[in-house]
Amino acid sequence: MTPLLDIIRCEIEQKGPMDIGTYMKFCLMHPEYGYYTNRDPLGKAGDFITAPEISQLFGEIIAVWAIQCWLKLGAPAKWSMIECGPGRGTLMHDLLRAAKVAPAFLDGMSLFLLEGSPVLIEAQKRKLNRYGPQWISSLSDLSHEFTDGPVLIIGNEFLDVLPIRQFQKTPEGWKERAVLFEEEKLVLGLKESSMPKNTLLCKAGHNAQLYDIFEYSEEVLIFWKGVLELIRERNGAALFVDYGYTRQGFGDTFQAVHQHQYSSVLSHQGSSDLTAHVNFASLAEEAKKAGCEVMGPVTQNDFLTEMGIFLRAEKLKVNASVQEKEEIDLALDRLTGEKEMGTLFKVIGVESCS
Ligand code: SAH
């Protein structure tokens, strides 16, 4: 038994069945054995590859979005860029390199990186130290150290690692899906729901069929409200890209990836990535309620195409070798292709209205 599995077993023995969100937190962010705290999981040698690790084009296109927003905000002399879950810092590195075309954009920027992994903070330092980044552990940290001025907030594959909870409709009513320890191993089961019935019905709707699973992430919603509050308070915009769906429905999207393969959510604790798809419908709804202007959610393909990724790729190819041209085409397909990341991934942009 690994140390992390033992810690989870003890916790279940003391407190009873563990909700999925708590299990995710242990597996991903346990200070010593968590997946993100003990390794750099990205890239070919790791467990999964993200869009910025596929091609520089991704960060360059986000640069186009960021510069457009900055201009729309009146090209402020002082402003802040915040990236949530920057991984190896590749997206920001490509973004800021591309932004050299707008020196005033770079000159006035303070860079904040919201990151919980000590290993990845080291990787980010290596890539981004020249921009004088400051690390934060929550958006609320900003209120103390912030200079005045607008904010741009971005995040790629950040929301999908935030904890979710799952509820299932059973003949005895709604129950919560939970992790149990039985016969010397972890199993998925059900426990009495700690979410009041009315709240559940209101969130899940009345049209659930027997055994439907309803996913809900309080953490995503709280985080998102923080994003909206910040851009309204300071003026600004945010852009988030992730696996996700645009209509609330039922289903189980909780998944594990280990060494580039899907694996059981109950194995490889601390050495597999656990994620759930993001409910973009609720992000859009909250943003509208907060009085923000909302772009999307749209598919990653639509966003990248609209922002000019194909034109940029043609430009890159002008001085490229035959092999490099092939690599650019391959990367384009991975980022925009229907069977690749093009439709599974969604993008939402929000702007303060003033
Ligand atoms: N955006 C990067 C990395 C995505 S992986 C890319 O596209 O390549 C998820 C990132 O979120 C990692 O940097 C991970 O360490 C960070 N992360 C996960 N949970 C977090 C939390 N609770 N608080 C802060 N950062 C977190």
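Readers should treat all values here as calculations from the given coordinates under stated rules, not as data from a laboratory. Fair warning: this is a prediction, and the values are worked out from it, not measured in the lab. Cβ atoms come from the backbone with ideal geometry, glycine included; neighbour counts cover every protein chain shown.
For this structure, a couple of remarks:
- Residues being crowded, with 18+ Cβ neighbours inside 10 Å and acidic (Asp, Glu) - total across segment 36-52: 1
- Counting only strands (runs of 3 or more DSSP E) that sit completely within segment 260-343, those holding 1 or more residues that are free of Cβ contacts under 8 Å to residues at least 40 places away in the same chain correspond to 261-263.
- Filter result (more than 21 Å from the chain's Cα centre (by Cα), over 18 Å from Lys346 (Cα atoms) and surrounded by 18 or more Cβ atoms within 10 Å (Cβ to Cβ)) within segment 291-315: Arg312, Ala313
- Cross-chain or 6+ apart pairs with Cβ under 8 Å, segment 78-90 first and free of Cβ contacts under 8 Å to residues at least 60 places away in the same chain and hydroxyl-bearing (Ser, Thr, Tyr), then within 12 Å of the ligand (Cβ to nearest atom) and not in a loop (DSSP other than H, G, I, E, B): Thr90/Pro52; Thr90/Glu53; Thr90/Gly59; Thr90/Lys127
- A residue that is touching a residue at least 24 places away in the same chain (Cβ under 8 Å), away from the ligand (no atom under 11 Å from the Cβ) and either under 25 Å from Glu351 (Cβ atoms) or of a type in the set (Asp, Glu) (or both) cannot be found anywhere in segment 113-122.
- Residue selection: Lys185 fails the criterion of being away from the ligand (no atom under 16 Å from the Cβ) and closer than 20 Å to Val220 by Cβ.
- Among residues of segment 40-53 that are under 19 Å from Leu330 (Cβ atoms) and free of Cβ contacts under 8 Å to residues at least 60 places away in the same chain, those with a Cβ under 6 angstrom from a residue that is among the basic types (Lys, Arg) and surrounded by 15 or more Cβ atoms within 10 Å (Cβ to Cβ), sequence gap 6+ or separate chain, pair up as Leu42/Arg88.
- Close contacts from segment 14-35, counting a first residue that is free of Cβ contacts under 8 Å to residues at least 40 places away in the same chain and a second that is in a loop (DSSP other than H, G, I, E, B), with Cβ to Cβ under 8 Å and a gap of 6+ residues or different chains, come to Pro31/Thr37; Glu32/Asn38.
- Test: Val179 is farther than 17 Å from Met109 by Cα and within 20 Å of the chain's Cα centre (by Cα): no
- Residue count for segment 68-98, restricted to those that are within 20 Å of Arg312 (Cα to Cα), aliphatic (A, V, I, L, M) and surrounded by 21 or more Cβ atoms within 10 Å (Cβ to Cβ): 4
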